[in-house]
Amino acid sequence: MKQAVIRSAIALAMMMCASSTVVRAQDASEKEIERYREMISDPMSNPGYLAVDRGELLWKEKRGTKDVSLEGCDLGLGAGKLEGAYAKLPRYFKDTDKVMDLEQRLLWCMTNLQGLDTKDVIARRFSGPGKASDMEDLVAYVANKSNGMKIDVPLSHPKEQEMAAVGEALFFRRGGVNDFSCSTCHAEEGKRIRLQGLPDLSKPGKQAQETMGGWPTYRVSQGALRTMQHRLWDCYRQQRWPVPEYASDALTALTVFLQKQAAGAEINVPSIKR
Amino acid sequence: MTNTMKIAALALAAGFIALPFNASAQTAPKSADPAIVDAYVKATFGKAPPEWQERIVPDETLKTCNAFHNNVPSKEADAIVKRELAKVVYPADGKFLGDWKEGRKVANNGRGGQFSDKPDTVSGGNCYACHQLEKSEVSFGTLGPSLTNYGKDRKFAPDEVKAAFTKIYDSQAVFACSSMPRFGANKVLSEQQIKDLVALLFDPESPVNK
């Protein structure tokens, strides 16, 4: 499908271009991009797997005032059960009476299970040069345990249904100085910003599945493992919206909506992207 | 391949008739309670400085666009166009054409207005993100229609020049719930920057028309 999208973008560009020289130049650059994509999508050389390994150590490390590991953390399928947990997140948790995504849940477990002060963890929510991120590593580890499984977020609890409905409203909500919403860029197939292809996330189906089945991902351009929280943070930055609060409810609502659009997608993470 | 061509043809058609970008969402949205949505917005953006939060409070126009996922019925569309047209401030000197070379810089500049930008950053129009303009630039987006030969195709007609100024100043003064930013009305671009962009489109010497 990715290829079909790229091909349709090429076809579109070809039809729109008046001069044949431009068509050739356009075609060549699209081919270069495709070659690059193939080159980087090799799991054996994906540095995102280093994050998975670091995450495993963090998951098993005794920390906090209670000196326990995260192995007692319930991600929805029971304490310490990791296989398939990410495929069903975000979800409603009875103990908090809230719908939480993986990052909110991990923070809750750190605070309540380990007695860990999460201030430092939150300060390092996104890694940077010389700054490792526990959250990115833990998400990589936990999400990787759902590889080969299908995205299947529960939508039976009223709060899960509310999240999905609010997420949809937020997806279409325009704002900021440029009047941008998520849907400005992600509501039509085969479109690009500059040369960057854009998935259509406005309707359920393949494009949403391919997108959501590949997060978390190793971003080559950033040299870092990134989670959906980071993706949404960066989208809102480009949308000219204010800084979204990390692990807050509107981001979880959007994630529920996007996971709903991507239902049935096979998870294969960490993926590797531009 | 049939599907691929179909997608491309659809996208092309959508581009030509200049529908709002998500015109494909045709089902009436089952809407969440606006008060609940606002509470979520508050939970996530409530710690931002007040002037930043004001920017995401939808005005009357955006309220309508949001409610209909931009596919507004004609009555609401007419009301939006009327309201937005009243916001357009035309140049006092009556001159719409600036310097196309400056316009080219504005069209290429995607900075400004992001929380990662310094507050004094001069905003660009970032036209190339969505539009093709001069033919030698191959890195262009396709969310909006191609603007290649824009002035030439319109025979450099003065009423078209004015219409382009209007469109850039406030896209919704021309087309309700257009995805394009309201650059002048939202004070993203200055009058001079808009004039320079109009020149990029309409100056016979501009590479857009070559």
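The values are calculated or read from the model by the stated rules, or taken from the named source; none is laboratory data. Remember, predicted model here, so these are calculated numbers, not experimental data. Positions of Cβ are backbone-derived with ideal geometry, glycine not excepted, and every protein chain shown enters the neighbour counts. To get the accessible areas, we keep the full protein, side chains included, count just its heavy atoms, and leave off ligands, DNA and RNA. Shrake-Rupley method; radii C 1.70, N 1.55, O 1.52, S 1.80 Å.
Counting only DSSP beta bridges with both residues in chain A, the antiparallel share comes to about 80 percent.
Can you tell me the relative contact order of the range B:87-210? Whole percent, Cα pairs under 8 Å, sequence separation 6 or more.
36
Can you tell me how the range B:170-210 classifies by the Cα gyration tensor, rounded, prolate or oblate, using a/c under 1.5 as the rounded cut? Because a/c hits 1.5 or more and a/b fails to exceed b/c, the range B:170-210 counts as oblate. Database note for chain B: Cys without another Cys beta carbon under 4.7 angstrom, B:Cys127, B:Cys130.
Looking at the protein assembly as shown, the DSSP beta bridges with both ends there are about 80 percent antiparallel. Here B:Ser190 and A:Tyr36 are evaluated by their C-beta separation; at R0 = 60 Å the FRET efficiency comes out at 0.95. Solvent exposure of the range B:127-210, expressed per residue, is 35 Å² of accessible area, with all protein chains present and a 1.4 angstrom probe. If you run the Gaussian network model on chain A, springs between alpha carbon atoms under 10 Å, then out of A:Met163, A:Met135, A:Met39 the most flexible one is A:Met39. Given R₀ = 35 Å, FRET efficiency for A:Val220-B:Glu60 by Cβ-Cβ distance, to 0.05? Using R0 = 35 Å, I get an efficiency of 0.20.
In Å², rounded to the nearest 100, what is the total accessible surface buried by chains B and A against each other with a 1.4 Å probe? What B and A bury together is about 5700 Å².
Ranked by accessible surface with a 1.4 Å probe, highest first, in what order do B:Asp78, B:Asp117, A:Asp97 come?
Descending accessible area places them as B:Asp78, A:Asp97, B:Asp117.
Comparing A:Leu254, A:Leu138, A:Leu77 in a Gaussian network model of chain A, where Cα atoms under 10 Å apart are tied by springs, the biggest mean-square fluctuation is seen for A:Leu77.
Centroid-to-centroid, using Cα positions, the range B:153-210 and the range A:196-244 are 31 Å apart. With 50 Å² as the minimum drop in accessible area between chain alone and full protein complex (1.4 Å probe), the qualifying residues in the range B:106-150 are B:Gln114, B:Phe115, B:Val138, B:Ser139, B:Phe140, B:Thr142, B:Leu143. Summed over the residues of chain A and divided among them, the accessible surface reaches 40 Å² per residue at a probe radius of 1.4 Å.
Antiparallel beta bridges, as assigned by DSSP with both residues in the range A:132-274, represent about 75 percent of the total such bridges. In the structure shown, the pairs A:Lys94/B:Lys42; A:Lys150/A:Lys260; A:Lys273/B:Lys105; A:Lys31/A:Lys150; A:Lys206/A:Lys260; A:Lys203/B:Lys167 are assessed against 19 Å; a Cα-Cα span above that value is assigned to A:Lys94/B:Lys42; A:Lys273/B:Lys105; A:Lys31/A:Lys150; A:Lys203/B:Lys167.
Measuring heavy-atom accessible area with a 1.4 angstrom probe and counting protein chains only, the residues of the range B:160-195 that give up at least 20 Å² relative to the chain alone are B:Ser179, B:Pro181, B:Asn186, B:Val188.
Can you tell me the orientation of helix B:74-85 relative to chain B, as the angle in degrees between its alpha-carbon axis and the longest Cα principal axis, to the nearest 10? Between the helix axis and the principal axis of chain B, the angle is about 60 degrees. The sum of -39500 (n - 2.57) across all DSSP H runs of n ≥ 4, divided by the residue count of chain B, sets its helix-only mean residue ellipticity at 222 nm to -12500 deg cm²/dmol.
Rounded to the nearest 10 degrees, the angle from helix B:34-45 to the longest Cα principal axis of chain B is 70 degrees.
Cα centroid separation, the range B:60-123 to the range A:52-129: 43 Å. Over chain B, Cα pairs under 8 Å with separation of 6+ residues give a relative contact order of 25 percent. Per-residue SASA remark: B:Glu102, around 70 Å² accessible (1.4 Å probe; ligands, DNA and RNA not included). Shown are B:Trp100, A:Trp241, whose ranking by accessible area with a 1.4 Å probe and every protein chain present, most to least, is B:Trp100, A:Trp241.
Using C-alpha pairs below 8 Å separated by at least 6 residues, the relative contact order for chain A is 23 percent. Over the residues of chain A, the helix contribution to mean residue ellipticity at 222 nm works out to -14000 deg cm²/dmol, using -39500 (n - 2.57) for each DSSP H run of at least 4. Comparing the full protein assembly with the isolated chain (1.4 Å probe, heavy atoms, ligands and nucleic acids excluded), the residues of the range A:228-274 losing at least 40 square angstrom of accessible area are A:Arg237, A:Arg240, A:Trp241, A:Pro242, A:Val243, A:Glu245, A:Ala250.
Largest accessible area first, the listed residues A:Thr111, B:Thr166 line up as A:Thr111, B:Thr166 when surface is computed with a 1.4 Å probe on the assembled protein chains. Compared with the dominant principal axis of the Cα atoms in chain B, helix B:158-169 is inclined by about 40°.
Using heavy atoms of the protein chains and a probe of 1.4 Å, the accessible area assigned to B:Lys152 is about 100 Å².
Accessible surface of the range A:44-165, 1.4 Å probe: 55 percent of it comes from carbon and sulfur atoms.
Remark: spin-label model distance B:Lys105-B:Ala39 equals 5.0 nm, labels positioned 7 Å along the Cα→Cβ axis. Given axes a ≥ b ≥ c from the Cα gyration tensor, I'd like to know whether the range A:117-274 is rounded (a/c under 1.5), prolate (a/b larger than b/c) or oblate. It comes out rounded by the Cα gyration axes. Anyone know which of B:Val41, B:Val198, B:Val72 comes out most mobile in the 10 Å Cα GNM of chain B? Checking each option, the largest mean-square fluctuation is seen for B:Val41.
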